[in-house]
There are 2 protein chains.
Amino acid sequence: MSDRGLLIVLSGPSGVGKGTVRKAIFESDDNEFEYSISMTTRPMRKGEVEGVDYYFRTREEFEALIEAGEMLEYAEYVGNYYGTPLSYVQKTLDQGKDVFLEIEVQGARQVKEKVPDGVFIFLTPPDLHELKNRIVNRGTDAMEIIEERMKVAREEIEMMALYDYAVVNDEVPKAVERIKDIIASEHFRVDRVIGKYIKMLEEM
Amino acid sequence: MSDRGLLIVLSGPSGVGKGTVRKAIFESDDNEFEYSISMTTRPMRKGEVEGVDYYFRTREEFEALIEAGEMLEYAEYVGNYYGTPLSYVQKTLDQGKDVFLEIEVQGARQVKEKVPDGVFIFLTPPDLHELKNRIVNRGTDAMEIIEERMKVAREEIEMMALYDYAVVNDEVPKAVERIKDIIASEHFRVDRVIGKYIKMLEEM
């Protein structure tokens, strides 16, 4: 319905299974999203292909892109940069195609600032859903373990507040269906389609 | 996911096929919505059942409910009142069940004021979607017919602005699927579920 593609951002706490869910979405039927390939400064490994697994760049090239505002999001892990180049994302959205990013929560926060009308989906661990059982109903745990669990849960809930949707990753096929429903219905949001109608009227 | 039910409002211009789509939704699989029965002051017809087709009330009773703020929405057509009693809707939402209303645009406007966090779905005629073809590409039409079409289209677009979603009723089964996707994904909206998590944490 909407003429411009949607930027879909899937994120969540580390270990929640983002990569598995993303893979299952891209292997499922009726997926019409473009997957954005990340850029990195880490060395290419055997079997990896430039522009398929990653865009491999030198540290200098990567930093030049950061300074030019050409990275939608980036982070540094163990001495290497990883990030999403802006140009591909913009070009694909302009073509009316949806772009799917699966990134860490730090990256999602950067994208939220630059593209607030993206669709931000937070994948939650099933034990957050069953928070009470997990934290309270085990009388045998030491107090510090209970407190640590509460701290983690609190941080996850705080992260979640930045997102549009929270999807529980209890079973991968269910999480995939939920995410695909969300993307389908976001295309029908009035604030995404009404501009097209108004423009049509104005042009006549 | 969310503990409270959703109030789903399906509306759209008259003649768009709201009733047909609503019926198809209730006859489809996996529909878990409660349908809100309207109240009216018109006389009961042969074969109609109180509390099934309508709640039949006198004019005095209906006006007393209006004055007491007990009508979620109402309108008067050819001398009779039609409306949605608030009590049933609130009770059902509190039980965690979704309530589905299929009403005229005037009624939807009243509901929007009272329940802003409802899910408002505007059913659009397929010819609004193909606005340009309909209005411009027929060189033979008289100017006043073209202007009338533009006026109708403009009014429909203005109505649409009050809604969350715009769904084209090109084919009834497709419209039904879109609406069911929307309802499913609205249950995952962070602003609907995060309160539950925060409450869980606070209770511990």
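Taken residue by residue and averaged, Cβ atoms of other chains lying within 10 Å of the Cβ of A:156-163 number 3.
Site pair A:GLU76 and B:ASP3 shows an inter-label distance of 4.5 nm when each label is modelled 7 Å from Cα along Cα→Cβ. The mean number of Cβ atoms from other chains found within 10 Å of a Cβ in peptide A:148-155 is 1, as a whole number. Angle check, please: helix A:190-202 long axis (alpha carbons) against the longest principal axis of chain A (alpha carbons), in degrees 0 to 90, nearest 10. In chain A, helix A:190-202 runs at an angle near 10 degrees to the longest axis.
Packing around the peptides B:25-31, B:178-184, taken as the average count of other Cβ atoms within 10 Å per residue, puts them in this order, highest first: B:178-184, B:25-31. Using every pair of separate Cα atoms, the Kirkwood estimate puts the hydrodynamic radius of segment A:7-202 at 18.7 angstrom.
What does the charge dipole of chain A about its Cα centre add up to, to the nearest 20 debye, if the Cβ of each Lys and Arg holds +1 and the Cβ of each Asp and Glu holds -1?
Details: 27 positive and 40 negative charges, 44 e Å.
Dipole magnitude for chain A comes out near 220 debye.
Taking Cα centre as origin and charging only the Cβ of basic (Lys, Arg, +1) and acidic (Asp, Glu, -1) residues, the dipole magnitude of the protein assembly as shown rounds to 160 debye. When the Gaussian network model of chain A links Cα atoms closer than 10 Å, the mean-square fluctuations of A:LEU123, A:LEU93, A:LEU101 top out at A:LEU93. Name the trypsin sites (Lys or Arg not before Pro) in segment B:26-95 that are in a loop by DSSP and that have at most 13 other C-beta atoms within 10 Å, would you? Answer in residue order: B:ARG45, B:LYS46. The long axis of helix B:143-160 is offset from the longest Cα principal axis of chain B by roughly 20 degrees. Quantify how much of the Cα-Cα distance distribution of segment A:49-134 extends past 16 Å, in percent. Of all Cα-Cα pairs in segment A:49-134, 62 percent lie more than 16 Å apart.
With helices as the sole contributors, chain B gives -13500 deg cm²/dmol at 222 nm; each DSSP H run of n ≥ 4 counts as -39500 (n - 2.57), and the sum is divided by every residue.
Coupling constants for segment A:32-37 follow from the phi torsions by the Karplus curve (6.51 cos²θ - 1.76 cosθ + 1.60, θ = phi - 60°), and in residue order they are 10, 8, 9, 8, 7, 7 Hz; glycine and proline get x.
Can you give the net charge of the other residues whose Cβ lies under 15 Å from the Cβ of A:GLU60, counting K and R as +1 and D and E as -1?
Details: positive: A:ARG42, A:ARG57, A:ARG59; negative: A:GLU61, A:GLU63, A:GLU67, A:GLU70, A:GLU76.
That works out to -2.
Report, in degrees rounded to the nearest 10, the 0 to 90 angle that the Cα long axis of helix A:105-114 makes with the longest principal axis of chain A. The angle comes out near 40 degrees. In segment A:7-202, a dipole from Cβ-located charges (positive for Lys and Arg, negative for Asp and Glu) runs towards its positive end, and of A:VAL105, A:MET44, A:PRO173 it is A:PRO173 whose Cα lies farthest in that direction.
Projected onto planes of every orientation and averaged, the convex hull of the alpha-carbon atoms in the protein assembly as shown covers 27.5 nm². Projecting the Cα atoms of A:THR124, B:GLY79, A:ASN31 onto the charge dipole of the protein assembly as shown (Cβ charges, centred on the Cα centre) puts A:ASN31 farthest toward the positive pole. Listed by chain and number, the lysines whose C-alpha is less than 29 Å from the C-alpha of A:LYS23, apart from same-chain residues fewer than 8 away, are A:LYS46, A:LYS91, A:LYS97, A:LYS112, A:LYS114, A:LYS174, A:LYS180, B:LYS174, B:LYS180.
All of the numbers you see were taken from the coordinates with simple rules; none came from a lab. Quick caveat, the model's predicted, so the values are computed rather than measured. No Cβ is skipped: glycine too gets one built from the backbone with ideal geometry, and neighbour counts run over all protein chains shown.
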